[in-house]
Structure formats: structure tokens, C-alpha cells
Amino acid sequence: MKEHGSLLIEVIIACAVLAVFAMVALPNGLAIYREAAVEYEVQCLLSDIRYMREVSRMTERWPKSMERRDAYQLPLRRQAQMRFRRGGYTMLAGSAVHSSHDFLPGIVITGRFATSSRDGIALTFGDDGLLATPCTMLIYMEGHPQSARKLILSAGGRCRVERSVK
């Protein structure tokens, strides 16, 4: 009988130690995830913006990844756009959809773009690869504005990322 009692005490002590460890480690793990998720989304967005800028500059032909094997005709004028929605964005050249990206869970993006509605907001690139409307975006984890990154896109085609507190 004494063996069961001492074993029970050891199990309770082990559970208490694990609970304390979880209380200390879990918030740090979540903070690391928030920072990594925001940084990942910023880098994906920067990469896609640079790609779409190059698509808008091309004059000879469409990139191979955008040529379709079916009867769909690509328009002669390629106006590159990125259309934002609540959970991500879609990249278009003319009316052809190139690809789309879904944000990681909890990621929020805000900012003034070419239109004022939340869904369907667009970044539009001219034939020279420059943005039609310069803008600033704020990317952060929902409920944690201290994780924010400010993405500044100038009319001259420059992209800059800053750490920002909302």
C-alpha cells in the first residue's frame, strides 16, 4: 500500500514539474512561431511582388508558367496585378491567373491600396514594372501588433521592410 502512495506522489510531482515547464515554454514557443510566421509571409510577399514587377516589364512573350495548353487566349497587354483577399492574394497578368498564396493561420495584412474595399484590393504594376499606386502594408499576427512588419512600396519600384509597432 505504501508503494502505491509514494508512486502517486511521484506522479503528482512529475505532473507539477511538467505543468510549470509548459507554462514557461509555451508562451516562448508561440512567440517564436509568431515572429517566424510574419517573417515568412513578408518574404513570400516581397518575392511575389518582385516577380510580378518583372512579369509586367516583359515585352516579348509571356513566361512559360503562364502559357496555357488549352484554347484560352492570353491578352496582348499584360497588366500585372496582385489581388488581395482576407486569407491571401492572387497574382494575375492580364486576365490570366498565375498563382495564389494563402496566408498562414492568424496572419493579418492591412494598408491602403488601389481600392478601398477589404477584399479585391489590388496592387497594379505598369508596363515599366512600377507600381501604379505606391503603398504601405502592415503584416502582423492577429492579436499581436508587436510582431508587425511594415512593407513600404514606393512608386520608383523600391521595397523596404521595417519593424513596426502598431
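What follows is calculated from the coordinates using simple rules that are stated; it is not laboratory data. Here the structure is a predicted model, which means the values were calculated and not measured. Here Cβ is always computed from backbone atoms with ideal geometry, including for glycine, and neighbour counts include all displayed protein chains.
What FRET efficiency do you get for THR136 and PHE21 if R0 is 35 Å and r is their Cβ-Cβ distance, rounded to the nearest 0.05?
0.30
At 7 Å along the Cα-to-beta-carbon direction for both GLU39 and THR90, put a label point, then send me their distance in nm to one decimal.
For GLU39 paired with THR90, the spin-label model returns 3.2 nm.
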